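Just below is one structure, and these are the notes that go with it.
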Amino acid sequence: MAEVKEKILTGKKFPFCPGCGHGVAVRQLAKVLEDAGIRRHDVVVVSDIGCSGLVDPLFDTHTIHGLHGRSPALGMGVAMGLDEVPGKKVITFIGDGGATIGLQHVLEAARRNVNMTLILLNNQVYGMTGGQISGLTTTKFKEIIDFEKDVPPFDIVKLAHISGARYAARVNSPKQMAEYLRKAIETEGFTLLEIASLCTSYAFKKLPEFLEVVEPEEAYENDRPPTRIRRRETAPLFEPGEGYEARYSSPVEERKGILLAGSAGGGVQSVGKFLATAGILAGLNTTMKGEYPITVGTGFSVAEVILDRDDIHYTGLAAPDVAVIVTRDGLEKVRGRLSPQTKVYLDESLEKDFDLPVRDVVVRPFGKLVSPKSKALLAAAWMLKREKFLPLEALRDVLADHRLSALFLPVLDKAVELE
Amino acid sequence: MKTTRKTLIDGSKLATEAMARAGADVFVGYPITPSNLMYAYARRRMPYFLAAPDEITTLQWMAGLAAAGKMPVTSSAFPGIALMTEGINMAYAMELPMVIMITQRLGPSTGSATTGAQGDLLFLKGIISGGYPVPVLSPSSFEDMWSLAAKAVETARRLRTPVFLLTSKEMVMTQKSFDTSKLPEITPWKPARRVREPFRPYEPVEALTPAHIFLGDDEYLTRITASTHDADGMIRKAEPEALANTRRLRDKILHNLPDYLEYEWIRGEEKAPVLIVTWGVTAEAARDAVKMLEKAGRPADLLVVKTLLPVAEEIREIIDSYTKLVFAEENLTGQYKEILFGEQTPAHVFAVTGIGEMITPRAIAEAVEKTYHHG
């Protein structure tokens with residue numbers, strides 16, 4: 001029994017100007033799909049703004065019609081969303097103007113080799129806005145109109161090919177169009193077919209001979225499978241109720257603000273988290289806020305830790321009670337925030353010209369006792385020993401849980417020993 | 001006795017987990033400070049994760065994925081949101097569900113990427129050409145980061161619309177000790193397949209919202225478009241049926257507002273003579289300010305608005321029931337105040353505003369104290 005072939009087109013009157021090549025392309029595509037026995041429900045036609053977008057109402061398939069130049073990206077989204085549904089064909093239309101806007105989208109689709117066919121209707125001009133040239137207008141055409149003839153067009157076929165498209169080709173002859181279309185539709189992965197024509201309103205009148213104007217036909221293939229999008233199983237980021245319960249006590253009643261100031265790579269952010277977590281172990285509410293330059297690998301690194309018996313809503317720290325400062329970068333960053341309320345724990349290397357009016361300054365040679373990476377931890381732990389905000393055991397438990405505990409615990413021991 | 005356990009956590013983690021539990025399944029992202037934590041968490045948590053080459057592509061992929069049946073989310077800051085804007089308009093007109101988390105930072109332009117702000121509200125008020133409203137939910141606490149993130153996903157799906165989750169640097173990056181056992185359970189909202197025969201892609205079936213038939217459906221052919229269109233999804237110029245569909249976009253967001261209206265109205269036993277109105281990160285400072293004022297014998301009530309847009313009548317009624325108002329928000333002019341009262345601030349309305357650092361509880365308390373001496 002012969003299979004009943006589904007009609008792909010709605011039968012609506014074609015909206016194209018008389019003689020426009022777009023109509024030829026639509027009819028040939030519909031025939032190729034029908035001949036291949038493809039169901040309407042298995043086809044998604046993606047289009048955007050411009051004459052190429054006029055195809056939208058012509059297809060009696062699934063359709064989606066978006067923004068000028070963006071159909072390759074929109075189509076990629078659809079293709080990725082349907083990648084696990086077998087048998088679906090995403091066919092995206094774009095014009096030469098749209099392809100100029102969305103050039104990166106085309107290259108991205110090629111690079112990812114998504115399962116989608118892009119049909120580029122290149123009629124040399126922006127047909128809806130007055131016949132302006134696009135980035136794909138050929139040099140020969142521009143010579144005729146005497147405009148930007150020294151600027152070559154993008155060869156989008158070659159660009160797609162070197163970006164990884166499974167198949168990329170240009171066809172100029174209507175006679176061969178069906179063959180190219182069949183190849184583009186049947187090939188899995190990203191396929192691009194540039195179909196050259198001349199806008200009858202703005203290009204054809206000015207031209208002696210169509211084939212003298214367009215770029216030569218070409219076709220390339222990359223032997224690579226399409227990128228597959230597959231759902232993966234993931235674990236929750238946390239289980240509600242997980243965390244530490246209070247197993248120590250703390251004398252802190254009123255809010256305490258601690259400022260840790262050092263340099264990138266010195267573990268300041270980690271030490272901030274250790275202190276805030278140790279605070280939880282000691283039954284307090286805590287916050288930890290990091291500050292560092294956009295260039296995360298250089299310059300200052302500052303962490304603010306708040307310890308409080310009450311709930312903490314506002315997380316700002318205007319005047320810290322304690323500042324632990326271990327590097328020059330850190331000192332320069334927090335200099336303006338130190339006040340007569342602040343007690344400063346300072347690395348010996350910074351003592352010489354430290355003249356800020358703070359509550360108290362305690363100096364120790366933290367940097368001489370451990371490596372630069374451990375200096376902040378040593379200074380913070382020693383501060384904790386002196387200030388007694390939290391028992392050192394709380395900090396020890398946090399460090400012991402860390403994958404680098406073998407590095408950290410000896411630093412804590414040094415803090416215990418240090419007078 | 002149940003022991004309390006606390007963990008050091010940030011709002012990005014809470015929001016990402018909540019969105020995943022609410023049914024978001026794909027994160028499409030382009031990195032930008034200060035939204036990168038969500039990018040990192042989503043990389044671990046979302047069943048699909050796509051690294052887009054820019055923010056324009058991000059929105060296009062999200063739209064395509066949503067049209068094909070996925071529930072996409074992203075996170076960005078103003079420079080990225082600006083690039084997404086044409087795509088957001090497209091998704092709004094196409095009626096595609098998605099959640100866009102905005103981590104506000106100091107502008108204009110590149111501004112200061114690691115400094116918080118609340119400066120993007122007015123932009124969102126007018127983001128859709130023609131002045132059509134988009135739901136804007138703004139978490140005011142870690143609890144909200146959880147519940148509003150889930151609400152945003154649910155609202156996006158129910159109403160087939162982009163929804164904004166308007167946060168700021170402090171809400172997404174600062175870590176707090178937090179008891180996650182208090183978080184309410186999240187049940188994902190699953191769209192029922194309600195189709196009226198004959199199927200018309202943009203004919204509303206419930207809550208002024210059309211059935212969401214995905215591209216590639218084996219039973220119904222769907223037609224999705226951003227251009228002015230009729231119920232069949234056929235592009236029309238300004239014809240009555242098409243314009244009715246366009247008007248419905250606004251009606252849909254307004255009509256369903258009770259389903260996603262969130263706010264907190266904190267009052268003492270007696271109504272205070274002044275109401276603090278705030279949102280987002282500044283709500284945390286306002287909560288402290290209310291305590292300070294109580295101690296000082298100058299009570300103030302507090303309204304934390306969480307569904308900022310569209311503005312609910314219920315919110316206006318609460319605000320209108322006070323003779324003195326103090327708005328607190330971290331931007332230059334008081335953007336929420338401007339949305340309610342315009343650029344000419346009435347005499348009974350005061351504002352605590354600022355840029356470059358968080359509004360402090362003291363600044364809010366002082367502004368309230370002043371109203372006690374004023375008139």
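The values are calculated or read from the model by the stated rules, or taken from the named source; none is laboratory data. Predicted model, so just to flag it, every value in this text is computed and none were measured. Reconstructed Cβ throughout: ideal geometry from the backbone, glycine too, with neighbour counts over all protein chains shown. Accessible surface is based on the protein model in full, side chains and every heavy atom, while ligands, DNA and RNA are left aside. Shrake-Rupley method; radii C 1.70, N 1.55, O 1.52, S 1.80 Å.
Numbers at a glance
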| read-out | value |
| --- | --- |
| Set of lysines near B:LYS237 by C-alpha distance (under 29 Å), chain-local residues within fewer than 8 positions excluded | A:LYS7, A:LYS12, A:LYS13, B:LYS125, B:LYS252 |
| Scaled radius of gyration (Cα, divided by 2.2 N^0.38 Å) that the protein assembly as shown gives | 1.10 |
| Cα-based helix-to-principal-axis angle, B:361-373 vs chain B, degrees rounded to 10 | 60 degrees |
| Normalised per residue, the volume of the convex hull around the Cα set of the range B:206-256 (Å³) | 81 Å³ |
| Highest to lowest packing among A:102-109, B:333-340, scored as the average C-beta count within 10 Å | A:102-109, B:333-340 |
| Antiparallel bridge percentage (DSSP; both residues within the protein assembly as shown; nearest 5) | 35 percent |
| Angle in degrees between helix B:240-255 and the longest Cα principal axis of chain B, rounded to the nearest 10 | 40 degrees |
| Sequence of A:LYS373, B:LYS237 when ordered by accessible area, the most exposed leading, probe 1.4 angstrom | B:LYS237, A:LYS373 |
| Nonlocal amide H pairs with B:ILE224, under 5 Å, H built at 1.01 Å | A:THR63, A:ILE64, A:HIS65 |
| Relative packing of peptides A:66-74, A:9-17 - highest average C-beta neighbours within 10 Å first | A:66-74, A:9-17 |
| Chain A: relative contact order as a whole-number percent, Cα under 8 Å and 6+ apart | 11 percent |
| B:TYR263 - accessible surface, heavy atoms, 1.4 Å probe, Å² rounded to 10 | 70 Å² |
| Relative contact order, percent, chain B [alpha-carbon distance under 8 Å, six or more residues apart] | 17 percent |
| Translational diffusion coefficient (Stokes-Einstein; Kirkwood radius from C-alpha pairs) of the range B:240-367 at 10 °C, 1.306 mPa s, in µm²/s | 101 µm²/s |
| Antiparallel bridge percentage (DSSP; both residues within the range B:264-373; nearest 5) | 20 percent |
| Spatial separation of Cα centroids for the range B:260-319 and the range A:98-152, in angstrom | 56 Å |
| Between the range A:225-283 and the range A:381-402, the Cα center-to-center distance that results, in Å | 15 Å |
| Set B:LYS13/B:LYS70; A:LYS352/B:LYS176; A:LYS89/B:LYS151; A:LYS256/A:LYS414 screened for pairs whose C-alpha atoms are more than 27 Å apart | A:LYS352/B:LYS176; A:LYS89/B:LYS151 |
| In sequence order, calculated HN-Hα J values of the range B:128-143 (Karplus, 6.51, -1.76, 1.60; Hz; x Gly/Pro) | 9, 4, x, x, 6, x, 10, x, 10, 9, 10, x, 10, 6, 5, 4 |
| Shielding score for B:80-88, defined as the mean number of other chain Cβ atoms within 10 Å | 1 |
| Neighbouring partner chain Cβ atoms per residue of A:240-250, average, 10 Å criterion | 5 |
| For B:MET173, solvent-accessible area (1.4 Å; no DNA, RNA or ligand), Å² | 50 Å² |
| Whole-Hz ³J(HN,Hα) from phi, Karplus 6.51 cos²θ - 1.76 cosθ + 1.60, for the range A:284-291, glycine and proline x | 9, 8, 9, 9, 9, 10, x, 9 |
| Cβ charges +1 (Lys, Arg) and -1 (Asp, Glu), total dipole of chain A, debye | 380 debye |
| Partner chain coverage, peptide B:6-14 - average Cβ within 10 angstrom | 5 |
| Helix B:36-45 axis, angle to chain B major axis (alpha carbon atoms, nearest 10°) | 50 degrees |
| Peptides B:349-362, A:261-274 ordered by average Cβ neighbours within 10 Å, highest first | A:261-274, B:349-362 |
| Counted charge near A:ILE195, where neighbours are those whose Cβ lies closer than 14 Å (Asp, Glu -1; Lys, Arg +1) | -1 |
| Counted charge near B:ALA365, where neighbours are those whose Cβ lies closer than 15 Å (Asp, Glu -1; Lys, Arg +1) | +1 |
| Sequence-separation-based contact order of the range B:264-373, relative, with Cα cut under 8 Å and 6+ spacing, percent | 32 percent |
| Largest to smallest accessible area among B:TRP189, B:TRP146 [probe 1.4 Å] | B:TRP189, B:TRP146 |
| Whether the range A:297-419 is rounded, prolate or oblate, judged on the alpha carbon gyration tensor where a/c under 1.5 counts as rounded | oblate |
